[in-house]
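Have a look at the structure below before the remarks.
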Amino acid sequence: MTPWLDQRSARPWQILLVVLTLLTAVRFLAASFATPFTIQDDARQFLSWMARLRDPGAMPGDLIADYFQSVSPPLFRGVYALFATLGMTPPTASKLLVPLLLLASAIAAWRLASAVAPRPAATFIVAACIMLVIVHNDSLFSATPRAFLDPLFLIFLDGLIRDRRLQTLIALALLAAIYPAPSLVALTVLGLSCIRWRPTGSSSLTSA
């Protein structure tokens with residue numbers, strides 16, 4: 001059974017992780033809005049067709065827009081459609097989405113770390129290392145389907161370790177709906193976790 005973390009003693013470490021994550025988000029927003037015409041290659045490709053979210057007749061006959069619209073997962077399109085209903089352009093929505101994903105990743109990283117290292121300082125170190133890996137890799141900052149991999153996979157692993165089947169299955173379903181390829185990895189991990197190895201005694205190895 002997963003040991004519980006003392007929430008009172010863990011609170012300062014948890015706040016520190018959230019503050020560091022928010023500082024990272026603020027630094028990203030400051031840099032991205034200071035250079036409004038700079039955007040990652042992946043984001044430019046996946047956002048190229050999204051003018052059609054507010055105007056279905058936009059970009060008629062544009063084969064590139066047709067292609068990226070066809071390969072954009074439904075849940076990913078739904079997220080940007082929600083921003084579009086609020087009057088945000090796709091580039092602005094992509095920049096505002098990054099802090100939300102960073103914060104979600106930090107919370108999920110803390111929960112996962114607390115399950116494997118149930119001491120406040122150790123939990124912080126593990127969660128901080130996870131966030132350093134996420135920040136070092138620019139996937140989350142692209143605000144494309146692969147940006148959702150980090151928080152969803154962490155939520156999946158947390159549910160798996162804590163034996164929370166509903167959480168595990170929901171995270172797996174969301175991952176499959178928004179970024180299908182890594183969901184196969186998660187499904188393999190889930191399958192391997194169901195295998196129970198039974199150690200054999202020495203008597204079973206010898207014949208009577």
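The values are calculated or read from the model by the stated rules, or taken from the named source; none is laboratory data. Bear in mind that the values here come from a model prediction, so they are computed numbers and not experimental data. Backbone-built Cβ (ideal geometry, glycine too); neighbour counts: all protein chains shown. Surface areas here come from the heavy atoms of the whole protein model, side chains and all, with no ligands, DNA or RNA. Shrake-Rupley method; radii C 1.70, N 1.55, O 1.52, S 1.80 Å.
Quick notes on this one:
- Across the stretch 1-159, the relative contact order, built from alpha-carbon pairs under 8 Å that are at least six residues apart, equals 32 percent.
- Low-density loop cleavage sites - chymotrypsin sites (Phe, Trp or Tyr not before Pro) in the stretch 27-83, where at most 12 other Cβ are within 10 Å (DSSP): PHE37
- Length released on extending from GLN167 to SER70, taking residue separation times 0.36 nm less the Cα-Cα span: 32.0 nm
- Taking label positions 7 Å along the Cα-Cβ direction at both ALA30 and MET59, the computed distance is 3.3 nm, reported to one decimal.
- From the alpha carbon centroid of the stretch 102-148 to that of the stretch 9-78 is 19 Å.
- Kyte-Doolittle at least 0.5, axis length at least 30 Å by Cα - qualifying DSSP helices, the chain: 7-34, 90-116
- Carbon and sulfur %, accessible surface of the chain computed with the full protein complex present, 1.4 Å: 69
- Three-way shape call for the chain based on the alpha-carbon gyration tensor, with the a/c threshold at 1.5: oblate
- Cα-based shape type of the stretch 108-167, given that a ≥ b ≥ c are square roots of the gyration tensor eigenvalues and the cut on a/c is 1.5: oblate
- Ellipticity at 222 nm from helices only: DSSP H runs of n ≥ 4 in the chain, each -39500 (n - 2.57), divided by the residue count, give -22500 deg cm²/dmol.
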